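Notes follow once the structure below has been shown.
The values are calculated or read from the model by the stated rules, or taken from the named source; none is laboratory data. Bear in mind that the values here come from a model prediction, so they are computed numbers and not experimental data. No Cβ is skipped: glycine too gets one built from the backbone with ideal geometry, and neighbour counts run over all protein chains shown. Note: areas computed on protein heavy atoms with side chains; ligands, DNA, RNA excluded. Shrake-Rupley method; radii C 1.70, N 1.55, O 1.52, S 1.80 Å.
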Amino acid sequence: PELVLAAIKANGGAFRYASERLRSDRDFLLTAIERSCDVLCHVGDEWRCNREFVLEAIRRTGTALCYAATELRSDRNFILSAVERNGTALCYADLELRRDRNFALEAVQRSGLALRYVSEQLQLDRDFVLLAVQLNPSALRYAEEEFRSDPELVLAAVQTDEMTLGFATESLRSDGAFVQRALQRNSAALPYAAEHLKENRRFLTEALKVPGVLKHAAEEVRRDRELVVLAIGSDGAAMCYAAQSLQQDMAFVLEAAAANPASLQYVVDDFWHQKDFVMKAVEVTGMALWFASPEIRRCKDFVISAVRRNS
């Protein structure tokens, strides 16, 4: 079979000279189609009319739709199934289907790549593209440049899928004000902003005020004491994403608690077994005693002292 497959790769017509056994072997046929889609020109109608076989061929190469039986190529549900397996298949669907707004939206919902193959009129229709990215954010990757630089369209995609910020134009990903808006929609989008922004302290100072952003920041940012305290000031849970070296630094933890007492509930457990730390934390906020270990909370003298520090 390998020799036959090599010949088919060089010239799909070579399939005609394969043995009858090979030409009737489903697995061999599919492998041959991967080598050359022209093989489908030479298979019998029983294969080109076989819905499951053709769908599997399309999964391997979208071009296979060209050779499917006419009744399959005119079947809307079949085309949608084909697109779900391989977005490029839409390129070979009937033009009337690719012009049909509702059908095109269904296709894009199944595969963002399908946006590249809907009719040109729909590709240039802003309202259509907005609906498309709302249904399937990954479609933004295949939108025209004018739409990938459209703030509303990009934000609609980012709200559901943070990775789509990476499909926006460089000018948008470099726009600090726009990226701030994107982070407010989806804090996980930070890694997809322009590199220079992620290294810009002024930008980070604002970005880290958005709850959840620190989780997605670079390690050097999560080691930066000043920036992490700033993040914790807006979101106590940000303590969880500070570098380990900071989480284990008593002075830092107390500074963070002063910025946002709610961060204490995310402090590493070891601190709550240390009387010195607990007392200092109590001076920041009385609620700190709640998190102390049972042993410390049962110590009458310690509790009395703590109450005197912060009643």
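Each Lys and Arg adds +1 at its Cβ and each Asp and Glu adds -1 at its Cβ; summed about the Cα centre, the stretch 123-207 shows a dipole of about 340 debye. If only the Cβ of Lys and Arg carry +1 and only the Cβ of Asp and Glu carry -1, the dipole of the chain around its Cα centre is close to 600 debye. For the chain, the spherically averaged projection of the C-alpha convex hull amounts to 23.2 nm².
Listed by chain and number, the lysines whose alpha-carbon sits under 25 Å from that of Lys300, ignoring those within fewer than 8 places in the same chain, are Lys275, Lys280.
The Rg/Rh ratio of the stretch 96-168, with both radii computed over alpha carbons and Rh defined as the Kirkwood radius, is 0.93. Stretched out straight at 0.36 nm per residue, the stretch from Asp270 to Glu146 would grow longer than its current Cα-Cα span by 39.3 nm.
Subtracting the Cα-Cα distance of Ala258 and Ser245 from 0.36 nm times their residue separation leaves 2.8 nm of extension gain.
For the chain, carbon and sulfur atoms together expose 45% of the accessible surface, with a 1.4 angstrom probe and every protein chain in place.
Helix content alone sets the calculated 222 nm mean residue ellipticity of the chain: runs of n ≥ 4 DSSP H residues at -39500 (n - 2.57) each, divided across all residues, give -14000 deg cm²/dmol. Residue by residue, the stretch 34-48 carries 3J(HN,Hα) couplings of 5, 6, 7, 5, 4, 3, 5, 5, 10, 8, x, 4, 4, 7, 6 Hz when phi is fed to the Karplus relation 6.51 cos²θ - 1.76 cosθ + 1.60 (θ = phi - 60°); x denotes Gly or Pro. When both the stretch 280-308 and the stretch 133-166 are represented by their alpha-carbon centers, they are found 51 Å apart.
Tell me, what is the FRET efficiency for Lys300 and His196 to the nearest 0.05, using R0 = 45 angstrom and their Cβ-Cβ distance as r?
That pair, Lys300 with His196, gives E of 0.20.
Whole-Hz Karplus values for the stretch 293-308 come out as 5, x, 4, 5, 5, 8, 7, 4, 4, 5, 4, 4, 4, 5, 5, 5 Hz, taken residue by residue from phi with 6.51 cos²θ - 1.76 cosθ + 1.60 and θ = phi - 60°; glycine and proline positions read x. The residue among Ile8, Leu227, Ser174 whose Cα reaches farthest toward the positive pole of the charge dipole of the chain, with charges on the beta-carbon of Lys, Arg, Asp and Glu, is Leu227. Taking amide hydrogens as placed 1.01 Å from N in the peptide plane, the amide H of Thr169 sits under 5 Å from those of Ser149, each at least 5 positions away in sequence or on another chain.
Per the Kirkwood definition applied to all pairs of different Cα atoms, how many angstroms is the hydrodynamic radius of the stretch 226-278? Provide the component values of the computation, followed by the final result.
Numbers: mean 1/r = 0.0939 Å⁻¹.
Taking every pair of different Cα atoms in the stretch 226-278, averaging 1/r and inverting gives 10.7 Å.
Farthest towards the positive end of the charge dipole of the chain, among the residues Pro294, Tyr92, Pro191, is the Cα of Pro294, using unit charges on the Cβ of Lys, Arg, Asp and Glu. Simple point charges give the picture: +1 on the Cβ of Lys and Arg, -1 on the Cβ of Asp and Glu, and for the stretch 61-160 a dipole about the Cα centre of about 300 debye.
Heavy-atom accessible surface of the chain, averaged per residue, reaches 50 Å², computed with a 1.4 Å probe.
What the Cβ-Cβ distance of Ala6 and Arg51 gives, at R0 = 41 Å and to the nearest 0.05, is a FRET efficiency of 0.85. For the chain, the longest principal axis of the C-alpha atoms and the axis of helix 225-234 are separated by about 80°. For the chain, relative contact order (Cα pairs under 8 Å, six or more residues apart, normalised by length) works out to 7 percent. Sequence-distant contacts, meaning Cα pairs under 8 Å at least 6 residues apart, place the relative contact order of the stretch 172-289 at 17 percent.
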